[in-house]
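The values are calculated or read from the model by the stated rules, or taken from the named source; none is laboratory data. Being a predicted model, the structure only gives us computed values, none of them experimental. Note: ideal-geometry Cβ built from the backbone for every residue, glycine included; neighbour counts use all protein chains shown.
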Amino acid sequence: MRADSRDDSVRPHGHGGAASPWDARFAESAWPTAPDEALVEHVETLSPGTALDLGCGPGRNAVPLAVRGWHVTGVDASSVGLAQAAERARDAGVEIETVHADLSDYLAAPRSFDLVVLANVHVPSADRPALLAAAARAVAPGGHLLVVGHHLDSLGRGGPPDPDRLYTEERLADAFPACTVEQMERRERPHDGDGPPLVDLVVWVTRDGREP
């Protein structure tokens with residue numbers, strides 16, 4: 001699986017054993033440092049635990065989580081993005097674990113985290129169910145998964161130009177096995193330029209069951 005055709009907030013998803021096509025992009029451009037607003041909102045009332053940031057890039061979500069006391073593992077196909085994330089973490093006085101790997105390869109092994117974040121990773125529709133299900137399985141019982149991505153209504157405004165990769169409520173309705181969907185919300189946010197607002201789909205789910 002690969003997620004290309006990204007805007008400046010869309011994370012890579014490719015094969016960690018080779019150079020990522022996004023290494024040059026991360027090296028040449030200044031990338032956002034502020035975390036996704038939906039993440040900030042949802043973790044505000046949570047006690048810090050273990051967190052997995054899938055497609056973490058330069059760490060815009062991973063580093064703020066670590067600052068809040070979470071033990072964060074960031075996975076990305078770009079070694080350059082991961083190096084930038086580690087540097088940002090050091091600058092913030094925290095540590096994160098970085099893993100250079102394809103997301104599907106990483107998730108193939110059993111994983112368990114209190115919080116899993118999949119932000120702006122847009123794969124083809126044929127790959128989407130497997131990736132989302134694997135992300136949900138990586139959540140510990142009683143833990144949470146946050147998925148944020150460009151809505152189909154954002155087509156032509158930002159994000160991938162391929163409508164097949166964009167999110168809709170219908171496309172994600174049954175995507176999270178053994179989980180309860182607490183929120184599935186279409187959100188608008190200002191465009192970085194002068195264009196119409198961008199549209200995201202924010203999904204917050206809780207893994208069913210809680211270990212004693």
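Counting the residues of region 185-211 that are within 16 Å of A133 (Cα to Cα) and part of a strand (DSSP E or B) gives 5. Against the conditions (1) under 23 Å from E185 (Cα atoms); (2) out of contact with any Pro (no Cβ under 8 Å at 6 or more places or on another chain), G55 satisfies every one except (2). When the criteria are applied in full, V40 meets the requirement of being among the hydrophobic types (A, V, I, L, M, F, W, C), surrounded by fewer than 22 Cβ atoms within 10 Å (Cβ to Cβ) and within 14 Å of the chain's Cα centre (by Cα).
Just checking: which of the helices (runs of 4 or more DSSP H) contained wholly in region 1-90 hold 2 or more residues that are out of contact with any Ser or Thr (no Cβ under 7 Å at 6 or more places or on another chain) and either on the phi > 0 side of the Ramachandran plot or at pLDDT 95 or above (or both)? Even if it seems obvious, please write down each step before you answer.
Numbers: elements: 23-28, 37-43, 62-67.
Ranges flagged: 37-43, 62-67.
The residues in region 134-159 that are in contact with a helix residue (DSSP H, G or I) (Cβ under 9 Å, 6 or more places away or on another chain) and either within 21 Å of E185 (Cα to Cα) or in a strand (DSSP E or B) (or both) can be counted, and the count is 12.
Being outside any loop (DSSP other than H, G, I, E, B) and either more than 15 Å from D53 (Cβ to Cβ) or out of contact with any Leu (no Cβ under 9 Å at 6 or more places or on another chain) (or both) is the filter here; which residues of region 99-133 pass it?
Here is the first cut: in region 99-133, the ones outside any loop (DSSP other than H, G, I, E, B) are 99-100, 103-107, 113-119, 128-133.
Answer for region 99-133, where residues must be outside any loop (DSSP other than H, G, I, E, B) and either more than 15 Å from D53 (Cβ to Cβ) or out of contact with any Leu (no Cβ under 9 Å at 6 or more places or on another chain) (or both): S104, D105, R128, P129, A130, L132, A133.
Looking across region 67-100, the residues that are buried (at least 19 other Cβ atoms within 10 Å of the Cβ) and small (G, A, S) come down to G74, A77, S78, G81, A85, A86, A89.
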